[in-house]
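A quick write-up on the structure given underneath.
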Amino acid sequence: MKKLTLILGFSLVMLLSAFQTQSFAQTKKANLELDSLAKPYHPEADAQKDIDSLVVLAKKENKNIIIQAGGNWCIWCLRFNNFIHQNSKIANLLKDNFVYYHLNYSPENKNDAVFNKYAAGKGEEYGFPFFIVMDSDGKVLFTRESGSLESGKGYDENKVMGFFSEWLPKK
């Protein structure tokens, strides 16, 4: 009986170790991707001052503004940023028609006043990332969640192009 209890105890320890190792491997894999992507969000930034500057620039260049709300902790936020920079069709559309900003939301800086001004409650409603589209006068035209733009572990070019194309500035 002692031998059976010892064998069962040892088996249980091995089984739990295997689960813990698998869980650690999955966490490590996700962290490797997160660590490998550019970090475009800046918790230390004065977001309102930055947005005010964007409005001046957008007016001067006759462009609209896209604000991508999220944080460097958010894998989907970083994937979207990577996607729009790696896809030349989307990158060119953005460069020619929009000024783009990454509005930080993180434990270090939740930017409550800015979120309340431009997209009150949208982080809770949509999750992150989400988008705020503004005209060159700084007026919010639209807010949009990002989940419907996804495809697998990334984003769908046609859906993203369609979204941005809806909000091209009037020229």
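Quick one: how many residues across the stretch 54-81 are assigned to a helix (DSSP H, G or I) and either in contact with a strand residue (DSSP E or B) (Cβ under 9 Å, 6 or more places away or on another chain) or charged (D, E, K, R) (or both)?
Residues in the stretch 54-81 being assigned to a helix (DSSP H, G or I) and either in contact with a strand residue (DSSP E or B) (Cβ under 9 Å, 6 or more places away or on another chain) or charged (D, E, K, R) (or both): 13 in total.
Can you tell me which of Y118, Y100 is out of contact with any Phe, Trp or Tyr (no Cβ under 6 Å at 6 or more places or on another chain), assigned to a strand (DSSP E or B) and hydroxyl-bearing (S, T, Y)?
Residue meeting the stated conditions: Y100.
In the stretch 72-103, which residues are over 20 Å from D156 (Cα atoms) and either loosely packed, with under 15 Cβ neighbours inside 10 Å or in contact with a Gly (Cβ under 6 Å, 6 or more places away or on another chain) (or both)?
Scanning the stretch 72-103 gives a single hit, D96.
Which of the residues belonging to the stretch 39-69 are among the polar types (S, T, N, Q) and over 23 Å from A91 (Cβ atoms)?
Of everything in the stretch 39-69, just one residue is among the polar types (S, T, N, Q) and over 23 Å from A91 (Cβ atoms), namely Q48.
What are the pairs, 6+ residues apart or on separate chains, where a residue within the stretch 47-59 that is touching a residue at least 60 places away in the same chain (Cβ under 8 Å) has its Cβ under 8 Å from a residue that is of a type in the set (K, R) and open to solvent by 70 Å² or more (accessible area, probe 1.4 Å)?
Close Cβ pairs (under 8 Å, with a partner that is of a type in the set (K, R) and open to solvent by 70 Å² or more (accessible area, probe 1.4 Å)) amount to Q48/K117.
Filter the stretch 104-125 down to residues that are under 15 Å from the mean Cα position of the chain (by Cα) and of a type in the set (K, R) and give me whichever is surrounded by the most Cβ atoms within 10 Å (Cβ to Cβ).
K122
Quick one: G9 ticks every box in (1) at pLDDT 95 or above; (2) of a type outside the set (S, T, N, Q); (3) over 20 Å from K153 (Cβ atoms); (4) exposed (fewer than 15 other Cβ atoms within 10 Å of the Cβ) except a single one, so which number is it?
All conditions pass for G9, except number (1).
Take the residues in the stretch 60-71 that are in contact (Cβ under 8 Å) with a residue 24 or more places away in the chain and open to solvent by 40 Å² or more (accessible area, probe 1.4 Å); name whichever of them is nearest to E166 (Cα to Cα).
Looking at the filtered set, the residue picked out is N62.
Take the stretch 127-150 and flag every residue that is surrounded by 12 or more Cβ atoms within 10 Å (Cβ to Cβ), outside any loop (DSSP other than H, G, I, E, B) and either among the polar types (S, T, N, Q) or in contact with a helix residue (DSSP H, G or I) (Cβ under 7 Å, 6 or more places away or on another chain) (or both).
Once the filter is applied, which keeps residues that are surrounded by 12 or more Cβ atoms within 10 Å (Cβ to Cβ), outside any loop (DSSP other than H, G, I, E, B) and either among the polar types (S, T, N, Q) or in contact with a helix residue (DSSP H, G or I) (Cβ under 7 Å, 6 or more places away or on another chain) (or both), the stretch 127-150 yields F130, I132, V140, T143, R144, E145, L149.
Right, Y100: hydroxyl-bearing (S, T, Y) and within 20 Å of L54 (Cα to Cα) or not?
Against the criterion (hydroxyl-bearing (S, T, Y) and within 20 Å of L54 (Cα to Cα)), Y100 qualifies.
I need every pair where a residue in the stretch 154-171 that is closer than 11 Å to N97 by Cα has its Cβ under 7 Å from the Cβ of a residue that is of a type outside the set (F, W, Y) and exposed (fewer than 14 other Cβ atoms within 10 Å of the Cβ), sequence separation at least 6 or different chains.
Matching pairs, first to second residue: W167/L141; P169/N62; K171/N62.
Residues of the stretch 49-73 being of a type in the set (S, T, N, Q) and closer than 21 Å to A120 by Cβ, which ones?
N64, Q68 - these are the residues of the stretch 49-73 that are of a type in the set (S, T, N, Q) and closer than 21 Å to A120 by Cβ.
The values are calculated or read from the model by the stated rules, or taken from the named source; none is laboratory data. Being a predicted model, the structure only gives us computed values, none of them experimental. A quick note on method: Cβ atoms are made from the backbone with ideal geometry, for glycine too, and the neighbour counts reach across all protein chains shown. Areas reflect the complete protein model, heavy atoms only, side chains present, ligands, DNA and RNA absent. Shrake-Rupley method; radii C 1.70, N 1.55, O 1.52, S 1.80 Å.
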